[in-house]
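Chemist: Have a look at this one.
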Amino acid sequence: MADKKIKTIGVLTSGGDAPGMNAAIRAVVRRGLSNGLNVKGIYKGYNGLLNEEIIDMTAKDVSDTIERGGTILYTARCLEFKTLEAQIRAAEICRKHGIDGLVVIGGDGSFAGAQALAAQGINTIGVPGTIDLDIACTEYTIGFDTAVNTAMEAIDKVRDTSTSHERCSIIEVMGRHAGYIALWCGIANGAEDILIPENYDYDEQRLVNNIIDSRKKGKRHHIIINAEGIGHSEAMARRLEAATGIETRATILGHMQRGGSPTCKDRVYASVMGAMAVDLLIQGKNCRVVGYRNGDFVDFDINEALAMQKKIPAYMQEVSDSLSHNYTKNTEDPEL
Ligand code: ADP
Ligand code: F6P
């Protein structure tokens, strides 16, 4: 618990940007101001903190931002912040600017930074912002919903041209080491195969067989969603084309998945989570991360949150398999 009342809070975004981060910033600023706090925005994540790129924020500064993708505070990756020397200096900078509570919007890496700052005496609260959905303590991360919808729409478009040319398409989606975006898009787009790093067995012969089976059944396309954590889609496409004789193209969706106006869900969750982070600081809490579990917004100790493991839901994966290339196993349906 904090030993004094919080007067000034700071907010920064760190790591990869995510749609909805602006809604979270807006909530932090307005919740803070409405509770009589001063709110400072820190540009470019921990980089900006170390460079003292710190501004006072007013309610107006966050007008017309809830619907905008990206982050108005900019974001960065800052390797230097992993050093104790930088963390000590950052804490001194916070004290110099009167920042006695800091909201960090980002992923696990950013939370490790928040944990380090808390160890230097700055009250920190993490808000989960990443399109990857790879934060173990929460079922929801800001940006995931927008990203999967963006990817889903793009994959529908690739499918149109893939069908017209009777091709196989490998579509690579983001997610760093996690397969959540791939799994969700795989189901939403009715992909024939979904490759995720958590359990891919590198059995390309199985993919070759699936593509040939699809063609025999009269399918005009074969969509493979490949997660970034597996990668190498271009080379995979060349190998599959050589093995099947079926024209195969790779499409890497890339950073377009991180942009765009946030969905309603991302705006709402980000708003609640941002406000809750401020409430936690006001309550004197420190070194916590906000999460969403079993229908409730909750908070965890950052140390515990970072130690948690997250697994791809096995049942979801099994269902996705049964709806794609494996579905004839039980039904023997010769149709598409
Ligand atoms: P994300 O927050 O999305 O997981 P990164 O893993 O790239 O993204 O981390 C964002 C930033 O958080 C890093 O560039 C660094 O500034 C900080 N960070 C990451 N890991 C640590 C760590 N172990 N200690 C201190 N800061 C860290
Ligand atoms: O963490 C979000 C994310 O988009 C990952 O899915 C991806 O691996 C990474 O960031 C890409 O980072 P960068 O913007 O540095 O290319």
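Chemist: Provide the net charge surrounding H97, with neighbours chosen by a C-beta distance below 12 Å and charges set as Lys +1, Arg +1, Asp -1, Glu -1. Spell out each step's value before the answer.
Modeler: Details: positive: K7, K40, R95, K96; negative: E52, E53, D56, E92, D100.
Spelling it out: positives minus negatives among the neighbours equals -1.
Chemist: If contacts are Cα pairs under 8 angstrom and at least 6 residues apart, what is the relative contact order of the chain in percent?
Modeler: Reported as a whole number, the value is 23 percent.
Chemist: Another question about this same structure. Using a 1.4 Å probe, what is the accessible area per residue for the chain, in Å²?
Modeler: Counting only protein heavy atoms, the per-residue value for the chain is 44 Å².
Chemist: For segment 108-192, which whole-number percentage of the solvent-accessible area (1.4 Å probe, protein heavy atoms only) is attributable to carbon and sulfur atoms?
Modeler: The nonpolar share, carbon plus sulfur, comes to 48 percent.
Chemist: Continuing with the same structure: Top mean-square fluctuation among G284, G107, G175, Gaussian network model of the chain, C-alpha springs under 10 Å?
Modeler: Highest fluctuation of the listed residues: G284.
Chemist: How large is the translational diffusion coefficient of segment 1-143 in µm² per second when you combine the Kirkwood radius over alpha carbon pairs with Stokes-Einstein at 20 °C and 1.002 mPa s?
Modeler: On the way: Rh = 14.8 Å.
D, rounded to a whole number, is 144 µm²/s.
Chemist: Using Cα positions and a limit of under 26 Å, work out the lysines in reach of K285, with same-chain residues fewer than 8 apart set aside.
Modeler: K4, K5, K7, K40, K44, K82, K96, K310
Chemist: Using the Cα atoms of the chain to build a convex hull, what is its mean projected area in square nanometres?
Modeler: 17.6
Chemist: Using Cα positions and a limit of under 26 Å, work out the lysines in reach of K217, with same-chain residues fewer than 8 apart set aside.
Modeler: K157, K329
Chemist: Restricting to segment 1-102, what percent of DSSP beta bridges are antiparallel, rounded to 5?
Modeler: Restricted to segment 1-102, the bridges split so that about 35 percent are antiparallel.
Chemist: Then there is this: Taking H placed 1.01 Å from N in the peptide plane, check which residues at least 5 places from G126 or on another chain put their amide H under 5 Å from its amide H.
Modeler: Sorted by chain and number, the residues that satisfy this are V104, R288, V289, V290.
Chemist: Would you mind telling me which residue in Q257, Q87, Q205 has the biggest mean-square fluctuation in a Gaussian network model of the chain, where springs connect alpha carbons within a distance under 10 angstrom?
Modeler: Comparing Q257, Q87, Q205 in a Gaussian network model of the chain, the most mobile one is Q205.
Chemist: Could you tell me which GluC sites (Glu not before Pro) in segment 26-73 are loop residues by DSSP with no more than 12 other beta carbons within 10 angstrom of their beta carbon? Write down the numbers at each step before the final one.
Modeler: On the way: sites: E52, E53, E67; in loops: E52, E53, E67.
Answer by residue number: E52, E67.
Chemist: Another question, if that's okay. So for each of 233-239, 194-200, 26-32 I average, over its residues, the number of other beta carbons within 10 Å; can you give me the resulting order with the highest mean first? Show your work: numbers first, answer last.
Modeler: Details: 233-239: 16.6, 194-200: 19.0, 26-32: 25.7.
The peptides rank, most packed first, as 26-32, 194-200, 233-239.
Chemist: Taking a cut-off of 18 Å, what percent of all Cα-Cα pairs in segment 147-199 are separated by more than that? Please report the intermediate quantities before stating the final value.
Modeler: Details: 366 of 1378 pairs.
Within segment 147-199, distances greater than 18 Å cover 27 percent of Cα pairs.
Chemist: Can I ask one more? Using the membrane-span-like helix rule (whole DSSP H runs, Cα extent along the own axis of at least 15 Å, mean Kyte-Doolittle hydropathy at least 0.5), which helices of the chain qualify? Write down the numbers at each step before the final one.
Modeler: Numbers: long enough: 21-34 (20 Å, 0.41); 84-96 (18 Å, -0.21); 108-119 (16 Å, 0.58); 144-164 (30 Å, -0.35); 204-216 (18 Å, -1.09); 233-244 (16 Å, -0.38); 264-282 (27 Å, 0.97).
The answer, listed by residue number, is 108-119, 264-282.
Chemist: I've got another one for you. Check cross-link reach from K311 to the lysines: straight Cα distance under 17 Å, and skip same-chain residues fewer than eight apart.
Modeler: none
Chemist: Return the loop-located trypsin sites (Lys or Arg not before Pro) in segment 177-225 (DSSP other than H, G, I, E, B) with at most 15 other Cβ atoms within 10 Å of their own Cβ; answer none if there are none. Show your work: numbers first, answer last.
Modeler: Working: sites: R206, R215, K216, K217, K219, R220; in loops: K217, K219, R220.
Counting only loop positions with at most 15 other Cβ atoms within 10 Å, the trypsin sites (Lys or Arg not before Pro) in segment 177-225 are K217, R220.
Chemist: What full-extension length gain, to one decimal in nm, is calculated for V272 and D296 as 0.36 nm per residue of separation minus the Cα-Cα distance?
Modeler: 7.6 nm
Chemist: Given R₀ = 30 Å, FRET efficiency for A59-Y315 by Cβ-Cβ distance, to 0.05?
Modeler: Approximately 0.10, to the nearest 0.05.
Chemist: Among 35-41, 176-182, 13-19, 70-76, how do they line up by average Cβ neighbours within 10 Å per residue, starting with the highest?
Modeler: Top to bottom by mean Cβ count within 10 Å: 13-19, 176-182, 70-76, 35-41.
The values are calculated or read from the model by the stated rules, or taken from the named source; none is laboratory data. Only a predicted model underlies this, so the values are computations on that prediction, with no experimental measurement involved. Glycine gets a Cβ as well: all are built from the backbone with ideal geometry, and neighbour counts include every protein chain shown. Calculation scope for accessible area: heavy atoms of the full protein, side chains included, ligands and nucleic acids excluded. Shrake-Rupley method; radii C 1.70, N 1.55, O 1.52, S 1.80 Å.
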